[in-house]
Amino acid sequence: NAGVMQNPRHLVRRRGQEARLRCSPMKGHSHVYWYRQLPEEGLKFMVYLQKENIIDESGMPKERFSAEFPKEGPSILRIQQVVRGDSAAYFCASSPPASGRGSGRASYEQYFGPGTRLTVT
Amino acid sequence: GQQLNQSPQSMFIQEGEDVSMNCTSSSIFNTWLWYKQDPGEGPVLLIALYKAGELTSNGRLTAQFGITRKDSFLNISASIPSDVGIYFCAGAPYISNFGNEKLTFGTGTRLTIIP
């Protein structure tokens with residue numbers, strides 16, 4: 001059973017370009033989370049998505065950042081007009097449906113992908 | 001927002017020693033999880049805790065959900081070189097709206113084994 005997959009693993013962009021980060025959740029998982037991590041720091045929540053729905057985007061900057069999780073295909077984190085401060089590791093996690101908690105609810109157990117390291121030059 | 005304080009920030013130990021670290025919150029949590037992150041990789045889930053007072057083991061790792069629901073502890077017995085890495089606690093705050101399962105992460109404890 002494949003784990004969470006992220007690509008690319010490394011991405012270099014010049015200032016002003018767009019960055020697209022992809023995440024394929026584990027099989028059977030319909031909840032996806034995106035996190036950002038700076039060197040020597042912890043994980044900062046960005047956005048929580050269910051298929052075709054954004055559940056919580058409170059951690060995502062209002063401008064230049066967007067995320068989607070379509071009915072078919074991977075979740076995409078998109079950063080427009082990147083700046084040097086966007087350089088970081090971006091992690092995706094997925095979780096399975098929670099048992100006995102009602103339809104649409106997720107387990108709290110999140111499983112992480114290997115991350116995409118974005119470098120803005 | 002929620003804050004999780006994790007301590008110590010770093011530990012330098014010798015192989016074979018036991019390790020203890022903890023995580024505290026300013027508010028009640030209904031779930032605690034512990035993760036380990038190796039350099040250049042994503043965090044790996046080690047242990048999940050769901051009930052106050054719960055004590056759960058995974059090999060040489062033991063974690064506890066504090067009875068106040070505001071803290072959690074992770075112990076590693078007889079450390080070995082592959083234990084090196086950063087350990088993160090994570091929790092889900094107790095909130096009235098259970099439709100949001102996002103986690104809050106601690107600042108991490110960096111474990112180094114001295115040869």
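The values are calculated or read from the model by the stated rules, or taken from the named source; none is laboratory data. Worth saying up front: this structure is predicted, and the values here are computed from it rather than measured. Ideal geometry is used to build each Cβ from the backbone, glycine not excepted, and the neighbour counts take in all protein chains shown. The protein model used for the area step is the full one, side chains on, heavy atoms only, and it has no ligands, DNA or RNA in it. Shrake-Rupley method; radii C 1.70, N 1.55, O 1.52, S 1.80 Å.
Amide H contacts for A:T119 (H built 1.01 Å from N in the peptide plane; partners 5 or more residues away or on another chain; cut-off under 5 Å): A:L11, A:V12, A:R13.
The Stokes-Einstein estimate for region B:1-68, based on a Kirkwood radius over Cα pairs and taken at 25 °C with 0.890 mPa s viscosity, is a diffusion coefficient of 180 µm²/s.
Taking square-rooted eigenvalues a ≥ b ≥ c of the alpha carbon gyration tensor, is the protein assembly as shown rounded, prolate or oblate, where a/c under 1.5 means rounded and, failing that, a/b exceeding b/c means prolate? Show your work: numbers first, answer last.
On the way: a/c = 1.86, a/b = 1.30, b/c = 1.43.
Since a/c reaches 1.5 but b/c is at least a/b, the shape of the protein assembly as shown is classed as oblate.
Here the 3J(HN,Hα) profile of region A:106-113, calculated from phi with Karplus coefficients 6.51, -1.76 and 1.60 at θ = phi - 60°, is 9, 5, 6, 7, 9, 10, 9, x Hz, Gly and Pro shown as x. GNM remark for chain B: springs join alpha carbons under 10 Å apart, and the peak mean-square fluctuation among B:N58, B:N30, B:N75 falls on B:N58.
Calculated FRET efficiency, A:E18 to B:I13, Cβ-Cβ distance, R0 = 35 Å: about 0.20 to the nearest 0.05. Compactness ratio for chain A: Cα radius of gyration over 2.2 N^0.38 Å (N = residue count) comes to 1.03.
Among the listed pairs A:K44/A:K71; A:K27/A:K51; A:K44/B:K36, give every one whose C-alpha distance is greater than 18 Å. Table pairs above 18 Å Cα-Cα are A:K44/A:K71.
Looking only at Cα atoms, what is the convex hull volume of region A:56-110 per residue, in Å³? Can you show the working numbers first?
Numbers: hull volume 6.3 nm³, N = 55.
It comes to 115 Å³ per residue, whole-number rounded.
Normalised by 2.2 N^0.38 Å, where N is the number of residues, the alpha-carbon radius of gyration of chain B equals 1.04. Of the solvent-accessible surface of the protein assembly as shown, computed with a 1.4 Å probe over protein heavy atoms with every protein chain present, carbon and sulfur atoms account for 50 percent. A 1.4 Å probe run over chain A, with the rest of the protein chains in place, finds 51 Å² accessible per residue.
Region B:34-115: which chymotrypsin sites (Phe, Trp or Tyr not before Pro) are DSSP loop and have at most 14 other beta-carbon atoms within 10 angstrom?
Working: sites: B:W34, B:Y35, B:Y50, B:F65, B:F73, B:Y87, B:F88, B:Y94, B:F98, B:F105; in loops: B:Y50, B:Y94, B:F98.
Of the chymotrypsin sites (Phe, Trp or Tyr not before Pro), the ones in loops of region B:34-115 whose Cβ has at most 14 other Cβ atoms within 10 Å are B:Y50, B:Y94, B:F98.
Pairing chains B and A buries close to 2000 square angstrom of accessible surface in total, based on protein heavy atoms and a 1.4 angstrom probe. Of all DSSP beta bridges confined to the protein assembly as shown, the antiparallel ones make up roughly 90%.
The Kirkwood hydrodynamic radius of region B:43-106, based on inverse pair distances between different Cα atoms, is 13.2 Å.
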